[in-house]
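First comes the structure, then the notes that go with it.
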Amino acid sequence: MKILVTGFDPFGGEPINPALEAVKGLADTISGAEIIKLEIPTVFGKSAEVVRKAILEHQPDVVLNIGQAGGRFAPSPERVAINVDDARIPDNEGNQPVDEAIQTDGEPAYFTQLPIKAMVAAMKEAGFPAVVSNTAGTFVCNHIMYQVQYMIDKEFPNMTGGFIHVPFIPEQVVDKVGQPYMSLTDITKSLEKAIEAIVAYDGKEDMKAIGGAIH
């Protein structure tokens with residue numbers, strides 16, 4: 001099995017992106033799966049072009065995108081991506097789409113094929129906080145998750161894909177009073193546990209476990 005794991009470059013004025021640094025720190029092989037690591041730009045449109053090129057080159061079985069979600073306390077596998085770009089801030093090339101469809105011929109939303117409940121359980125069993133997320137936002141993180149699902153729908157039906165948001169790391173919250181954080185080492189280890197679950201549940205249904213949210 002080949003798993004393409006991507007991490008965004010820093011954005012929003014941050015000097016570092018824990019998503020990218022955690023991806024860099026992943027083992028090259030996890031549970032027998034080859035891990036292909038890729039840095040992608042925090043840019044609408046271009047991020048998808050970079051990922052599609054890597055898909056064509058490497059022919060992965062799974063694409064797992066990782067992104068930063070400042071304010072979250074735990075790694076959060078995303079359940080769904082929606083067909084809208086609505087940027088609160090500009091991306092790294094100054095683009096700021098508002099209420100624009102990502103793909104005019106795409107579905108209103110796409111659900112991940114990854115075993116998000118099992119991924120959360122694996123991270124928790126290893127001693128790391130983790131939670132299912134039901135919104136990937138409307139910035140470039142949701143954009144790339146949706147774009148990968150669109151590619152699966154239109155071009156690569158044998159591939160699966162999904163997204164995990166990760167918290168800030170300590171050096172990012174020195175001047176952000178009250179913001180949660182997680183060490184980079186723990187983020188990396190938690191991602192490896194999530195990937196182990198992806199491999200273990202390949203071709204199987206996700207586990208049944210409570211993972212919903214009231215709001």
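Loop-located GluC sites (Glu not before Pro) in region 67-138 (DSSP state not H, G, I, E or B) with no more than 14 neighbouring Cβ atoms inside 10 Å: 93.
Per-residue 3J(HN,Hα) values for region 23-32, derived from phi via the Karplus relation 6.51 cos²θ - 1.76 cosθ + 1.60 with θ = phi - 60°, read 4, 4, x, 5, 5, 6, 9, 10, 6, x Hz in sequence order (x marks Gly and Pro). Amide H contacts of residue 72: 168, each under 5 Å away and 5 or more positions distant or on a separate chain (H built 1.01 Å from N in the peptide plane; Pro and chain starts excluded).
Near residue 211, once Lys and Arg are set to +1 and Asp and Glu to -1 for all other residues with Cβ below 10 Å from its Cβ, the sum equals +2.
Taking the alpha-carbon centroid of each part, what is the distance from region 53-85 to region 125-183 in angstrom? Comparing the Cα centres of region 53-85 and region 125-183, I get a distance of 6 Å.
Taking all protein chains into account, the per residue accessible area for the chain stands at 46 Å² (1.4 Å probe). Applying the Karplus relation 6.51 cos²θ - 1.76 cosθ + 1.60 with θ = phi - 60° to region 164-181 yields 3J(HN,Hα) values of 10, 8, 10, x, 4, 9, x, 5, 7, 10, 3, 10, 10, 4, x, 7, x, 8 Hz, where x marks Gly and Pro. Total lysine pairs in the chain at Cα distances under 13 Å, for residues eight or more apart or on different chains: 8. Summarising the strand pairing of the chain, around 30 percent of its internal DSSP beta bridges are antiparallel. Shown in residue order for region 156-161 are the 3J(HN,Hα) couplings computed by the Karplus curve 6.51 cos²θ - 1.76 cosθ + 1.60 at θ = phi - 60°: 10, x, 8, 9, 10, x Hz (x for Gly and Pro). Taking the Cα centre of region 2-201 as reference, the dipole from Cβ charges on Lys and Arg (+1) and Asp and Glu (-1) amounts to some 500 debye. Only Cα pairs under 8 Å and 6+ residues apart enter the sum, and on that basis the relative contact order of the chain stands at 28 percent. Counting only Cα atoms, the chain measures 45, 40, 36 Å along its principal axes, largest extent leading. Apolar share of the accessible surface for the chain: 50 percent from carbon plus sulfur atoms, 1.4 Å probe.
The values are calculated or read from the model by the stated rules, or taken from the named source; none is laboratory data. Every value quoted in this text rests on a predicted model; they were computed, and no experiment measured them. All Cβ positions, even for glycine, are placed from backbone atoms using ideal geometry, and neighbour counts span all protein chains on display. In case anyone asks, the SASA skips ligands and DNA or RNA and just uses the protein heavy atoms, side chains included. Shrake-Rupley method; radii C 1.70, N 1.55, O 1.52, S 1.80 Å.
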